[in-house]
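Here is the structure we will look at, set down as structure tokens.
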Amino acid sequence: MNIVLIGMAGSGKGTQAKKIAEKYGLKHISTGDVLRAEVATGSDLGKKIKDFQDKGELVPTSIVVEALKKYLADNNIFDGFPRNLEQAKALDEFVKIDLVIYLKIPDEVAVDRLSKRRQCESCGFITDSSHSRCPVCGGRLFQRSDDTPEAIKKRLALFHDVTEPLLEYYKPRDIVHVVDGVRSVDEIFHEICAIVDESFV
Ligand code: AMP
């Protein structure tokens, strides 16, 4: 089973992808995380990637595909990939996509969530600026270097320009489901599970 989760930055894709991966035994492939892991190695490639990320630009497809291939399993949920037509076509070369879920939120909600987003240094938990320490493990919180007003604006514009049109690309296959992302994590998860269950009975 291969699921693509499409959504703007701040839509909650990462949170939902993790829960779906756990429930259905899928490999959670977040290209943002895969690329950040390369950045953390301090390699020359990592430095190039960080530069694209901090500006809110897309990392070139060849780099993303190379990185992603190392993580592929038989059953995957893709979080943040594909992000443009070139990537969608590349993905079709190596897996069959069964389901595309679009986690939809308005731009204002994305801007609000991203500007308040904080992540735990120790356990990676994502929370918001109303907390001074991680509510899960008490670790220190940091703000992502691409959650700046400039980069947020760029990322949202790119989403509308090159990622959202992928819904049209997948539409003829009749595998696209739109889910309202402005609800509680549990409500959204419940709806996505119902879609997955219905698609794989
Ligand atoms: P995310 O963690 O999904 O918000 O991604 C953070 C950043 O990583 C993006 O703004 C891009 O710079 C880069 N990135 C993540 N996924 C991709 C992708 N599929 N193609 C190109 N760049 C990506």
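One table, with the values for the structure above:
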read-out	value
Some residue of region 63-71 being acidic (Asp, Glu) and touching a strand residue (DSSP E or B) at 6+ places or on another chain (Cβ under 9 Å)	no
Any chance Ser11 is small (Gly, Ala, Ser) and open to solvent by 10 Å² or more (accessible area, probe 1.4 Å)	no
Residue in region 168-183 that is surrounded by fewer than 15 Cβ atoms within 10 Å (Cβ to Cβ), in contact with a Phe, Trp or Tyr (Cβ under 9 Å, 6 or more places away or on another chain) and in a strand (DSSP E or B) present	yes
Hits in region 154-201 (condition: at pLDDT below 95 and of a type in the set (A, V, I, L, M, F, W, C))	Phe200, Val201
Cβ-Cβ under 6 Å pairs, at least 6 apart or on other chains, region 46-67 side over 14 Å from Lys154 (Cα atoms), far side near the ligand (Cβ under 6 Å from one of its atoms)	Ile49/Leu35; Ile49/Val59; Thr61/Gln87; Val64/Thr31
Within region 70-82, tally of residues that are open to solvent by 10 Å² or more (accessible area, probe 1.4 Å) and either touching a Pro at 6+ places or on another chain (Cβ under 6 Å) or more than 13 Å from the ligand (Cβ to nearest atom) (or both)	5
Lone qualifier among Asp112, Asp174, Asp74, Asp128 - being of a type in the set (Asp, Glu), on the phi > 0 side of the Ramachandran plot and over 17 Å from the mean Cα position of the chain (by Cα)	Asp174
Which listed residue, of Glu22, Glu57, Glu66, is at pLDDT 95 or above, away from the ligand (no atom under 11 Å from the Cβ) and of a type in the set (Asp, Glu)	Glu22
Residue in region 37-46 that is closer than 18 Å to His160 by Cβ, open to solvent by 30 Å² or more (accessible area, probe 1.4 Å) and out of contact with any Gly (no Cβ under 7 Å at 6 or more places or on another chain) present	no
Residue selected from region 129-149 under the condition closer than 20 Å to Ser11 by Cβ and of a type outside the set (S, T, N, Q), by the criterion most open to solvent (accessible area, probe 1.4 Å)	Pro149
Qualifying residue in region 103-126 (condition: within 16 Å of the ligand (Cβ to nearest atom), in contact (Cβ under 8 Å) with a residue 40 or more places away in the chain, open to solvent by 40 Å² or more (accessible area, probe 1.4 Å) and part of a loop (DSSP other than H, G, I, E, B))	no
Failed item in (1) surrounded by fewer than 22 Cβ atoms within 10 Å (Cβ to Cβ); (2) free of Cβ contacts under 8 Å to residues at least 60 places away in the same chain, with Ser30 passing the rest	(1)
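The values are calculated or read from the model by the stated rules, or taken from the named source; none is laboratory data. Keep in mind the model is a prediction, meaning the values are calculated, not measured. With ideal geometry, Cβ positions are generated from the backbone for all residues, glycine too; neighbour counts draw on all protein chains shown. Note: accessible area is taken over every heavy atom of the protein model, side chains too, but ligands, DNA and RNA are not part of it. Shrake-Rupley method; radii C 1.70, N 1.55, O 1.52, S 1.80 Å.
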